[in-house]
Amino acid sequence: MSLNQLVYISQATRKMSKEELLDLLAQAKANNARIDVTGSLFYNGGWFMQVLEGPEATLAKLVARIENDPRHQDFRLLYNEPAKFRTFVRWSMNMTNLEDRQTDKYDELVDVIEAAKTDRKIGTLSPAVTLLRLFSH
Ligand SMILES: Cc1cc2nc3c(=O)[nH]c(=O)nc-3n(C[C@H](O)[C@H](O)[C@H](O)COP(=O)(O)O)c2cc1C
């Protein structure tokens, strides 16, 4: 089955508490594990950026559901391309709350989200490609 990687950015409808973020993560993990989707969710200053990986048709259905979630708005699809490998093999969903500053990629991730907000490239690369490269080895 064809593998796709998809990246979007969106704005939280209102500030998310730690508990609300953990609930969202638990829901995403449980669902994604069932449908063979992996990925990672980043949150900073009221913005979400998410990578989703899985079969193209599955992702299309999932993203249609996520897009309509009242917890966020201004959903903007940045990237949706075939991929040879998954970048987040180990995670049905992982979450990085940048407000905790618990990541060694903090500066790079803040820059990726800032660039995506304003549609700015990072060097020659789009923010979505930069994000995927930060985690691929
Ligand atoms: C920023 C954000 C990211 C989400 N990511 C996922 C996800 O990766 N997988 C998922 O199933 N639901 C995700 N959701 C939740 C879906 O919008 C929806 O609430 C959920 O899939 C419904 O699940 P249920 O049928 O178990 O109630 C996300 C919601 C938001 C706001």
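The values are calculated or read from the model by the stated rules, or taken from the named source; none is laboratory data. Every value quoted in this text rests on a predicted model; they were computed, and no experiment measured them. Don't worry about glycine lacking a Cβ; one is built from the backbone with ideal geometry, like all the others, and counts go over all protein chains shown.
Of the residues contained in the range 103-117, none is found to be touching an Asp or Glu at 6+ places or on another chain (Cβ under 9 Å) and of a type outside the set (D, E, K, R).
Among the residues of the range 71-83, none qualifies, meaning not one is at pLDDT 95 or above, over 13 Å from the mean Cα position of the chain (by Cα) and closer than 23 Å to Thr103 by Cα. No other residue among Gly54, Gly123 is free of Cβ contacts under 8 Å to residues at least 60 places away in the same chain and under 20 Å from Leu24 (Cα atoms) apart from Gly54. The set of residues in the range 12-22 being under 16 Å from the mean Cα position of the chain (by Cα) and more than 10 Å from the ligand (Cβ to nearest atom) consists of Leu22 alone. Candidates Arg34, Arg86, Arg133, Arg101: the one that is among the charged types (D, E, K, R) and touching a residue at least 12 places away in the same chain (Cβ under 8 Å) is Arg86.
Just so you know, in the range 27-53 the residues that are near the ligand (Cβ under 10 Å from one of its atoms) and among the small types (Gly, Ala, Ser) include one that is nearest to Asp107 (Cα to Cα), and it is Ser40.
Listed by first and then second residue, the pairs with beta-carbon distance under 6 Å, at least 6 apart or on different chains, first residue in the range 7-28 and at negative phi, second of a type in the set (Val, Ile, Thr) and surrounded by 18 or more Cβ atoms within 10 Å (Cβ to Cβ), are Val7/Val51.
Does Thr13 meet the test of being over 19 Å from Val129 (Cβ atoms), among the hydroxyl-bearing types (Ser, Thr, Tyr), surrounded by fewer than 19 Cβ atoms within 10 Å (Cβ to Cβ) and in contact with a strand residue (DSSP E or B) (Cβ under 8 Å, 6 or more places away or on another chain)? Yes; evaluated as a whole, the condition is true for this residue.
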